[in-house]
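Scroll down for the structure; my scribbles are underneath it.
Only the coordinates and a few stated rules stand behind these numbers; no lab work does. The structure presented is a predicted model; accordingly, all values stated were derived computationally and were not measured. Cβ placement follows ideal geometry from the backbone for every residue including glycine, while neighbour counts extend to all protein chains displayed.
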Amino acid sequence: MTVDPKIEITLDRPSRVYLPDEELIASFEIHGIRPADVQAIEASVLWYTEGTGEEDLATHDFRRLLPIDRDDADMTKRRKFQTRLPRSPLSYQGLIVKIRWAIRVRVFMHQGKETMHEVPFRLGQLQPVVPMQAKRSSRKQADDAA
Amino acid sequence: MPRWFRIWEKKRGSRRTVSRVVATVGETFFFSALFFFGVIFTAMTIASVVLETWPMRAMFPQVAFVEGECTIQETRVVQTGTEQYPHYQPEAMVLLELPGRQYHRWTLRRSPITYSTSEAAWKRLDGYEPGWIYRCWYDPESPGQSIVLERTPSYGLWVIFLVLISFIVIGGIGLIYTLLLMGISVERRSALANRAKSLELLREEIPMEAYPSIPNDANLTNSPGVRLAFRLPIEVSPGWWLLATLIFSLLWSGMAAVFFIAALGKHLAGDPDWMLTIVSLPTIAVALASIYAFLLEVTSHTRVGPTGLEISSHPLYPGKEYRVYVTQAGKMKIKSLRIFLICEEAATFLQGTDVRSESKRVVDQLVATAKNVEIKPGLPFEAEYQLKVPEGSMHSFKSDHNAIHWKLVVQIDAEHLKRLSRSFPIVVYPAEVELAR
């Protein structure tokens, strides 16, 4: 029986909040499998939508690693990569549209299996959207208090 | 608290229960079946046509016809149909002489052709003179039952070929696409699409985006304003809505008129059709309502003239202030003219086979109000206001199924007219303070 690999992704900022145009440095390491079992690894910096609509996804940075790419061939070792983040779209938590940024690592094994792990991060510092009714009532409360 | 597992309802993201393997196998099976069905049946059809065997021989006997020479002995017009509605069918008695046997048959073409008048039917026979020899076609296996003087094109056969070839094309492209994408992650597909976009050839046409996923504002800034920097284009031209109302009103009124005349005719003839009368009444009511709605639209658009909106700068940034200049022409007394800054989230999704869309307003800010204004022809209402995009707002965004739209809406509430809203799209960029450099 084969064991699922464990993917560990680390970002250079514990807060996981970045501003547009900033550098993001991430590293990942694969545990729990033999290096020979790994066929390929894909690491991507991407955004995707959530909410009522169909999911849209776009990669900002995509890397595919194959054993022949490196002399050591041990792809389970910690790898580090960096990318300059784009100016948009910013992370957003709306009412029916949400935009999430994440580092996603996908490991393809020789047996045809694949495992994926992702770590979210925020691009920009936008606050979650408040429904308009709630906004109006809080404004009214503030006016009343004044 | 754990949620119920939703079996039938839509599931997205991590709640998706779809298996990519099953989906890929299913797609491969579907496109393979379509492709091989097309190939096998095209080959069968071609073989059947060439070898003149079933099923094409049965469906399109003319594909097996051979050419010969026939002598026309007589021509006639046969009356068919009913006494009340007669039809006239032109025919010719032909003689086909083959080695060892002669065949006689009343014929013209394989599918009989009829006319509403005898004269038209006789006219169709012009050119066919008794005693003369003409080209004819017949099935060598049964000449007596198949002789025709005119061949009709086998459109049905070409339709069958087109359908079968479309199966091959759709199935083949689908199969190649599915096989190419097999084992490719969604991220890699997206990266491949990005790479395709940045190809040298394409780059000349599509400039690299400084702000990805933000709609291009070139169409909003190509018209300079009179007072301020840009004149914003209106979202939907009011003329289109007017035209749509007119077309609906005309079509519905035409249908209602047919119903009304038919029902009235029955009543006048002393044989009232009550079912038709009952159906006609609501149809006529809708027709009158649509005419009223059209006239109201015409009145609104003739009295409420064009609305113009200019802005001091574009694109807009959250937290920044801008000037807007509004002009309203026409002839009316305005109870109130209000300008709103609106931000809406929009999402499209599949529900079964339907594409549905939903939108939600997240910003609805009153920018300015003008009350009790009288507008006279040649003296439009003009005013300049200050506008501030709320701080911390999301920028404009557009992807395949999701969007965030910003717009300025001018709402006109005039006396004796229905309330009119005119939208002017704008593009909001991320706040400059969000940028690190």
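On average, how many beta carbons from a partner chain sit within 10 Å of the beta carbon of a residue in B:398-407?
Details: counts 2, 12, 7, 8, 15, 4, 5, 0, 0, 0.
Partner Cβ neighbours, averaged per residue: 5.
Please state the shape class of segment B:37-170: rounded when a/c is under 1.5, otherwise prolate if a/b exceeds b/c and oblate if not, all from the C-alpha gyration tensor. Each step should come with its number before you reach the end.
Numbers: a/c = 3.02, a/b = 1.58, b/c = 1.91.
It comes out oblate by the Cα gyration axes.
So which aspartates and glutamates can B:Lys388 reach, going by Cα to Cα under 13 Å and dropping same-chain residues fewer than 8 places off?
Those aspartates and glutamates meeting the cut-off are B:Glu321, B:Asp364.
For chain A, compute the number of Lys pairs whose alpha carbons are separated by less than 22 Å, excluding pairs fewer than 8 positions apart on the same chain. Intermediate results must be reported in sequence, preceding the final value.
On the way: A:Lys6/A:Lys77; A:Lys6/A:Lys80; A:Lys6/A:Lys113; A:Lys77/A:Lys113; A:Lys98/A:Lys135.
Pairs that pass both the separation and distance tests number 5.
If amide H atoms are built 1.01 Å from N in the plane of the peptide, which residues on other chains or at least 5 residues away come under 5 Å of the amide H of A:Lys6?
A:His31, A:Gly32, A:Ile33
By the scheme Lys and Arg +1, Asp and Glu -1, what is the net charge of all other residues having a beta-carbon under 14 Å from that of B:Leu242?
Values: positive: B:Arg303, B:Lys418, B:Arg422; negative: B:Glu297.
Every neighbour counted, the sum reads +2.
How far is helix A:132-145 tilted, in degrees, relative to the longest principal axis of the Cα atoms in chain A, given as a value from 0 to 90 rounded to the nearest 10?
Roughly 50 degrees between the two axes.
In what sequence, highest mean first, do B:292-303, B:385-396 appear when ranked by Cβ atoms within 10 angstrom?
On the way: B:292-303: 14.8, B:385-396: 18.6.
With the highest mean Cβ count within 10 Å placed first, the list reads B:385-396, B:292-303.
Along the Cα-to-Cβ line of B:Glu52, 7 Å from the Cα, sits a label point; which residues in segment B:121-136 have backbone N less than 19 Å from it?
B:135-136
Could you pull the Cα extents of segment B:229-291 along its three principal axes, largest to smallest, in whole Å?
The principal-axis extents, from largest down, are 72, 13, 11 Å.
Eigenvalues of the Cα gyration tensor times 5, then square-rooted: what semi-axes does that give for the protein assembly as shown, in whole angstrom, largest first?
Working: eigenvalues 807, 424, 92 Å².
Square roots of five times the eigenvalues give 64, 46, 22 Å.
Quick check on chain B: take the gyration tensor over C-alpha atoms, sort the square-rooted eigenvalues as a ≥ b ≥ c, and tell me if it's rounded (a/c under 1.5), prolate or oblate.
Working: a/c = 2.90, a/b = 1.63, b/c = 1.78.
Oblate.
Output the DSSP H helices from chain B with an along-axis C-alpha extent of no less than 27 Å and a mean Kyte-Doolittle hydropathy no less than -0.5.
Values: long enough: B:20-51 (45 Å, 1.79); B:155-181 (39 Å, 2.41); B:238-268 (44 Å, 1.43); B:274-303 (43 Å, 1.23).
Qualifying helices: B:20-51, B:155-181, B:238-268, B:274-303.
Using Cα positions and a limit of under 22 Å, work out the lysines in reach of B:Lys376, with same-chain residues fewer than 8 apart set aside.
Partners found: B:Lys331, B:Lys333, B:Lys335, B:Lys418.
Compute a Gaussian network model of chain A, connecting alpha carbons closer than 10 Å, and tell me which residue from A:Ile99, A:Ile33, A:Ile41 fluctuates the most.
Largest GNM mean-square fluctuation: A:Ile33.
Would you mind giving the mean number of other chain beta-carbons within 10 Å of the Cβ of each residue in B:179-189, as a whole number?
Averaged over the peptide's residues, the number is 5.
Average partner chain C-beta neighbours within 10 Å, per residue of B:356-362? List each step's numbers first, then the result.
Details: counts 2, 2, 6, 4, 9, 3, 9.
Going residue by residue through B:356-362 and averaging, the value is 5.
In nm, what is the difference between 0.36 nm times the number of residues separating B:Asp364 and B:Leu125 and their Cα-Cα distance?
Values: separation 239, 0.36 × 239 = 86.04 nm, distance 7.56 nm.
Residue separation times 0.36 nm, minus the Cα-Cα distance, leaves 78.5 nm.
If you take the square roots of the eigenvalues of the alpha-carbon gyration tensor of segment B:304-434 and sort them as a ≥ b ≥ c, do you get rounded (a/c under 1.5), prolate (a/b over b/c) or oblate?
Numbers: a/c = 2.79, a/b = 1.47, b/c = 1.90.
Oblate, since a/c reaches 1.5 and b/c is not below a/b.
Where does chain B land at 222 nm, in deg cm²/dmol rounded to the nearest 500, when only DSSP H runs of n ≥ 4 count, each adding -39500 (n - 2.57), divided by all residues?
Numbers: 9 runs with 151 residues, N = 437.
Computed ellipticity for chain B at 222 nm equals -11500 deg cm²/dmol.
Counting only DSSP beta bridges with both residues in the protein assembly as shown, what percent are antiparallel, rounded to the nearest 5?
Working: 128 of 132 bridges.
Percentage antiparallel, nearest 5: 95.
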